[in-house]
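One structure is given below, encoded as structure tokens.
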């Protein structure tokens, strides 16, 4: 048996133990010796749990045991997760994590430490939950120049938008349903304001370039200002509103443009029909074209399964580093305000003539029979130019078009 440890025994941590026990036979197809969880680090005890006798409260018990070859870090947050991961890697113990906050903030640092000590730092579960995306990016796409990654990266917000669309619910009511069904936290800010998918697209952008993109560098908008009328207008022009993480990579300049925001996605686009809590990620390679990865983007067992897949790979590559291509260097960010995009816009009806003056004759009016406002779509315009024009309007709302 290969001995491993889990640090942080919450939802994902307990799921890892469950996956290993339940699917031991499947694991042994790849690792005949199997995997055994020797230690579980947590500040709590778990009386009555089948794992109660494996719980320890001192990280040194794990780090000083020569039998431990891999640690699963599922603590969340930056500290003490960073310190524990760093100490493990410095001892040559590989670390597999689902901790998107730590990967975004310090993943490059930990990847370099792992490389220096002939072990690995893997984080498949940090982006798509159970969806395999990071491993394909570094292996199946090794021969490709990735020009874009666009994804629905948060199941909570996708569920809310789906309920608003299919059941004609207000945002607040759809959010309450998400909370009642366990899809949203009591404090849903990280989801509905876009922080969670923003971290995920930052990680994906980092993998695409091999450099570090921090989520603080990524313009971020959530869905808390989306209302039923927005979805009705979208339907009128054959579109659906989705919260997307978007990364575009320019081969000539090596610059990347990254953004998290609601977009109106056209009917026929693969992301248009992704509903409920499901996630989907579209990758475009310059030779292979478009590919889409779809599945459960969160949840105890899907996320745990992704962590265990990393554990298996680390054990198969014991004593050497799995190079994920991430370097501890800042990425070359393009000017987000120079990006060109079309917009859907709503302004009060009395500002219709002003809108035509400011945005030109090429705007396309959109109607759902609401006389109190004037809605339209713009031709492509730079983000900066649009921002300068829209600030001249009182009570305006806008959503980007994909």
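The values are calculated or read from the model by the stated rules, or taken from the named source; none is laboratory data. Bear in mind the structure is a predicted one, so any value in this text is a computation, not a measurement. All Cβ positions, glycine included, derive from the backbone under ideal geometry; neighbour counts span all protein chains shown.
Laid out as a table, the results:
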{"read-out": "Checklist (1) modelled with pLDDT of 95 or more; (2) surrounded by fewer than 16 Cβ atoms within 10 Å (Cβ to Cβ); (3) assigned to a loop (DSSP other than H, G, I, E, B) applied to residue 61, failing item", "value": "(3)"}
{"read-out": "Matching residues in segment 247-282 - criterion: being touching a helix residue (DSSP H, G or I) at 6+ places or on another chain (Cβ under 7 Å) and assigned to a strand (DSSP E or B)", "value": "247, 249, 256, 257, 258, 259, 260, 264, 278, 279, 281"}
{"read-out": "Residue match in segment 200-208 (condition: touching a residue at least 60 places away in the same chain (Cβ under 8 Å), out of contact with any strand residue (DSSP E or B) (no Cβ under 8 Å at 6 or more places or on another chain), crowded, with 22+ Cβ neighbours inside 10 Å and farther than 19 Å from residue 104 by Cβ)", "value": "no"}
{"read-out": "Odd one out for residue 150, checked against (1) assigned by TED's automatic domain parsing to the domain that holds residue 251; (2) crowded, with 24+ Cβ neighbours inside 10 Å; (3) in contact with a strand residue (DSSP E or B) (Cβ under 7 Å, 6 or more places away or on another chain); (4) in a helix (DSSP H, G or I)", "value": "(4)"}
{"read-out": "Filtered residues of segment 357-383 (kept if exposed (fewer than 15 other Cβ atoms within 10 Å of the Cβ) and in a helix (DSSP H, G or I))", "value": "357"}
{"read-out": "Matching residues in segment 109-133 - criterion: being surrounded by fewer than 24 Cβ atoms within 10 Å (Cβ to Cβ) and out of contact with any helix residue (DSSP H, G or I) (no Cβ under 6 Å at 6 or more places or on another chain)", "value": "109, 112, 115, 116, 118, 132"}
{"read-out": "Residue under evaluation residue 308, criteria (1) at pLDDT 95 or above; (2) within 30 Å of residue 14 (Cα to Cα); (3) touching a strand residue (DSSP E or B) at 6+ places or on another chain (Cβ under 7 Å); (4) buried (at least 20 other Cβ atoms within 10 Å of the Cβ), criterion not met", "value": "(3)"}
{"read-out": "Residues of segment 321-333 satisfying the condition of being modelled with pLDDT under 95 and in a loop (DSSP other than H, G, I, E, B)", "value": "323, 324, 325, 326, 327, 328, 329, 331, 332"}
{"read-out": "Single residue of 76, 48 found to be at positive phi, under 20 Å from the mean Cα position of the chain (by Cα) and either at pLDDT below 95 or buried (at least 20 other Cβ atoms within 10 Å of the Cβ) (or both)", "value": "76"}
{"read-out": "Single match in 190, 240 (criterion: in contact with a strand residue (DSSP E or B) (Cβ under 7 Å, 6 or more places away or on another chain) and either part of a strand (DSSP E or B) or not assigned by TED's automatic domain parsing to the domain that holds residue 383 (or both))", "value": "240"}
